[in-house]
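Here the structure comes first, spelled out in structure tokens, and everything after it is commentary.
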Amino acid sequence: MLDLSLAFREAQTMDQEVTGRAIIEHLQNAITEHQHPLVYSTLVPSLYIVYLRPEDYDRLESLFPKIKEEARRALDEKLGALNGSRIRRLQRKPECVNLMGEWYIEFQADTGEEEIPPGEPFAVNLEIALSSEPEYGVGTKTVSLKTVRMSNGQSKQVNSSHGQIYARIAYTDESGQQTYLMTKKQIVVGRGGREHWADLELKTIDDVSRNHFRLRYDEGTNGFFIKDISSFGTTINGNRVPSSLEVVEGSPREIDVEVPLPLTARITLADKVDLDFKAETAK
């Protein structure tokens, strides 16, 4: 089953304070500005990853649940307005559709200053899924369109493709033996869920977190890095990965702790579920 996506990065200029309203308006604009037309429908973004500078992440963190709630409401209203447009009906344009049926919104602190362009306060990566179900063996396979809004208000577009396979992950879950092809430079692995997007979604025991770990390919070093964001931990070849979560006032908060991942490794989740990782460079 075909499962492709488009992604973009968009940033707001520095002369405006980062607010929940500014973020929500960015997400709303994405529905209009970044669509994927088919014959009988037009697909809009389903997944939104908002990257904030650490100081803004800290300032807004307590508001994330409310921002997500109002963002989903605003996206629903925007989608309804697009489909209810008199011009769209007169021109018989295809209906706009969120094929996943849910709005997935995540916030991450850009502690490494790798996601937010210089001079911009925040960035948003979007994905438009072209199938409601993952393709066997590749999960959410993507082809990317990245748009960066520059400080002068203009946009710069960079086309890229996720056709390259960076690594393979073999595992067994309730669906049987599987092999996942890592075709994105960054992925999230876990059980997934309504508010927890996972590129590799495991059908397994509850001890595995909905977002269990993040895996990143670093083009500069041609290496891989793993970040544990789980409740019950992750090991690499039997060695415990330090947690990238800290508890602040009773609530878990993600911090920037990641470790190198060998080119071939056994990754164990919650001491119970094994994934066999192999980089494509490890022949």
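The values are calculated or read from the model by the stated rules, or taken from the named source; none is laboratory data. Not measured: the values here are computed from a predicted model. Using ideal geometry, Cβ is built from the backbone for each residue, glycine included, and neighbour counts are taken over all protein chains shown. SASA here: full protein model, heavy atoms, side chains in, ligands and nucleic acids out. Shrake-Rupley method; radii C 1.70, N 1.55, O 1.52, S 1.80 Å.
Taking the range 243-283 as the range and being over 22 Å from the mean Cα position of the chain (by Cα), within 23 Å of L52 (Cα to Cα) and open to solvent by less than 80 Å² (accessible area, probe 1.4 Å) as the test, the residues that pass are V248, G250.
If you go through the range 184-229 and keep only what is open to solvent by 50 Å² or more (accessible area, probe 1.4 Å), in a loop (DSSP other than H, G, I, E, B) and of a type outside the set (V, I, T), you end up with K185, R194, E195, K203, D206, R210, E219, G220, N222. For the range 43-98, filtered to residues that are in contact (Cβ under 8 Å) with a residue 60 or more places away in the chain and assigned to a helix (DSSP H, G or I), the residue that is least open to solvent (accessible area, probe 1.4 Å) is D56.
Take I31 and decide whether it is open to solvent by less than 40 Å² (accessible area, probe 1.4 Å), closer than 30 Å to D218 by Cβ and touching a residue at least 60 places away in the same chain (Cβ under 8 Å). Judged against the criteria, I31 is not a match. Restricting attention to the range 169-183, the residues being part of a strand (DSSP E or B), under 17 Å from L269 (Cα atoms) and in contact with a Lys or Arg (Cβ under 9 Å, 6 or more places away or on another chain) number 5. Scanning the range 197-208 for residues that are under 16 Å from the mean Cα position of the chain (by Cα) and without any contact (Cβ under 8 Å) to a residue 60 or more places away in the chain yields a single hit, A198.
Here T234 passes the criteria (1) of a type in the set (S, T, N, Q); (2) at pLDDT below 95; (3) within 12 Å of V189 (Cβ to Cβ) except the one numbered (2). Among residues of the range 242-267 that are touching a residue at least 12 places away in the same chain (Cβ under 8 Å), those with a Cβ under 8 angstrom from a residue that is open to solvent by 60 Å² or more (accessible area, probe 1.4 Å) and hydroxyl-bearing (S, T, Y), sequence gap 6+ or separate chain, pair up as I255/T111; D256/T111; L263/T281.
Given the criteria touching a Ser or Thr at 6+ places or on another chain (Cβ under 8 Å), modelled with pLDDT under 85, part of a loop (DSSP other than H, G, I, E, B) and not acidic (D, E), does Q157 qualify? Criteria not met by Q157.
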